[in-house]
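Enquirer: Can you keep this structure in mind? I'll have questions shortly.
The values are calculated or read from the model by the stated rules, or taken from the named source; none is laboratory data. Computed from a predicted structure; not experimentally measured. Because the Cβ atoms are built from the backbone with ideal geometry, glycine has one as well, and the counts that use them run over all protein chains shown. Protein only, heavy atoms only, side chains kept; ligands, DNA and RNA dropped before computing areas. Shrake-Rupley method; radii C 1.70, N 1.55, O 1.52, S 1.80 Å.
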Amino acid sequence: MTTASVDPLDTIVRLSRLVGSDPRLVQPGGGNTSIKVGETLLVKGSGTDLRTIGRDGFTTLSLPRLAALAGVDEKSDADMMRFMAGCMLADGPAPSVETPLHSLLPHRVIAHTHDVATMSLTNTADPSAERLVAELFEGQIVYVPYCRPGFPLARAVGAMVGRIPPAATGLTLAHHGLVVWGADAEETHQRLLGVVGKIDEYIAASRRGRLRGRPAPPSPALTPTASPEQRARGASGGAERR
Ligand SMILES: [Zn+2]
């Protein structure tokens, strides 16, 4: 049996379109995807839409150069964007402000969503949301308290990379979305669907419990208060790009 060679960029383009076209997974325009090939990161660039992205929507960056971001305590978002532009290995779209989510985590294929399920689940105080995530996923998905997208989120993720359990397959970013990884695009997609499906089931069950008048488990509000974009705009005057 011969094995056809599959271009990694084509697999991530296909994953991106699947994720982008599923309204459970991303709000229009949100979310991003990446694949690592040797010491190169291919990551969705700024200003492209997952639903229609093609090969030219990805930017090619040097992972060894990006790794320098891990030890930095303070950097403005503008400086971070300049730093990342300096890590580009070929012409392409500018790296998005969420690129460090992809470069600092070591996993090969990563999908990051701005999904309503995660925003609903985490629309409560950190201790409750963290406990809910722990109960639902038993360590498979790690809770990350809200950090503004940009350098603050990059720093938070960089600081926790060494503490992520080996069996974990993703992160919930409170009030923001999911980060799910896998060895290839197919595994990442299946895991992402599994995580969102489990959250949706929990929310539906807690809603049914309330309707029957039973004491329900602490449940999330069903409507997120603000999208990550709205929060980021509020914090930085609309300069966010992803
Ligand atoms: Zn995001």
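Enquirer: Can you list residue pairs whose Cβ atoms sit under 8 Å apart, with the first residue in segment 107-122 being assigned to a strand (DSSP E or B) and the second being basic (K, R) and more than 16 Å from the ligand (Cβ to nearest atom)? Count only pairs 6 or more apart in sequence or on different chains.
Expert: Pairs found: V109/K36.
Enquirer: Out of G45, G20, I need the residue that is surrounded by 14 or more Cβ atoms within 10 Å (Cβ to Cβ) and touching a strand residue (DSSP E or B) at 6+ places or on another chain (Cβ under 7 Å). Which one? Even if it seems obvious, please write down each step before you answer.
Expert: Numbers: G20 fails: touching a strand residue (DSSP E or B) at 6+ places or on another chain (Cβ under 7 Å).
Of the residues listed, the single one that is surrounded by 14 or more Cβ atoms within 10 Å (Cβ to Cβ) and touching a strand residue (DSSP E or B) at 6+ places or on another chain (Cβ under 7 Å) is G45.
To keep it simple, each residue is scored yes or no on (1) closer than 17 Å to V180 by Cβ; (2) open to solvent by 50 Å² or more (accessible area, probe 1.4 Å); (3) modelled with pLDDT of 95 or more; (4) within 16 Å of the ligand (Cβ to nearest atom).
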residue	(1), (2), (3), (4)
T11	yes, no, yes, no
L25	yes, no, no, yes
K36	yes, no, yes, no
R55	no, yes, yes, no
A70	no, yes, no, no
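Enquirer: Still on this model: What single numbered condition from (1) touching a Gly at 6+ places or on another chain (Cβ under 6 Å); (2) open to solvent by 50 Å² or more (accessible area, probe 1.4 Å) fails to hold for L50?
Expert: (2)
Enquirer: If you don't mind, there's one more thing I want to ask. Among the residues that make up segment 121-138, is at least one of them within 16 Å of the ligand (Cβ to nearest atom), within 25 Å of P95 (Cβ to Cβ) and among the aliphatic types (A, V, I, L, M)?
Expert: no
Enquirer: Another question, if that's okay. What's the total number of residues in segment 99-115 that are open to solvent by 50 Å² or more (accessible area, probe 1.4 Å) and farther than 22 Å from E186 by Cα?
Expert: Residues of segment 99-115 open to solvent by 50 Å² or more (accessible area, probe 1.4 Å): 106, 108.
Narrowing the set further to residues that are farther than 22 Å from E186 by Cα leaves none.
Of the residues in segment 99-115, 0 are open to solvent by 50 Å² or more (accessible area, probe 1.4 Å) and farther than 22 Å from E186 by Cα.
Enquirer: Now, a different point. Within segment 10-28, track down each residue that is over 13 Å from K44 (Cβ atoms), of a type outside the set (S, T, N, Q) and outside any helix (DSSP H, G or I).
Expert: Residues satisfying the conditions are D22, P23, R24, L25, P28.
Enquirer: Follow-up question, since we're still on this one. Can you find even one residue in segment 88-99 that is of a type in the set (A, V, I, L, M, F, W, C) and under 14 Å from the mean Cα position of the chain (by Cα)?
Expert: If we filter segment 88-99 for residues that are of a type in the set (A, V, I, L, M, F, W, C), which is where we start, we get 88-90, 94, 97.
Filter once more, keeping what is under 14 Å from the mean Cα position of the chain (by Cα): 97.
Within segment 88-99 (the criterion being of a type in the set (A, V, I, L, M, F, W, C) and under 14 Å from the mean Cα position of the chain (by Cα)), the answer is yes, since at least one residue qualifies.
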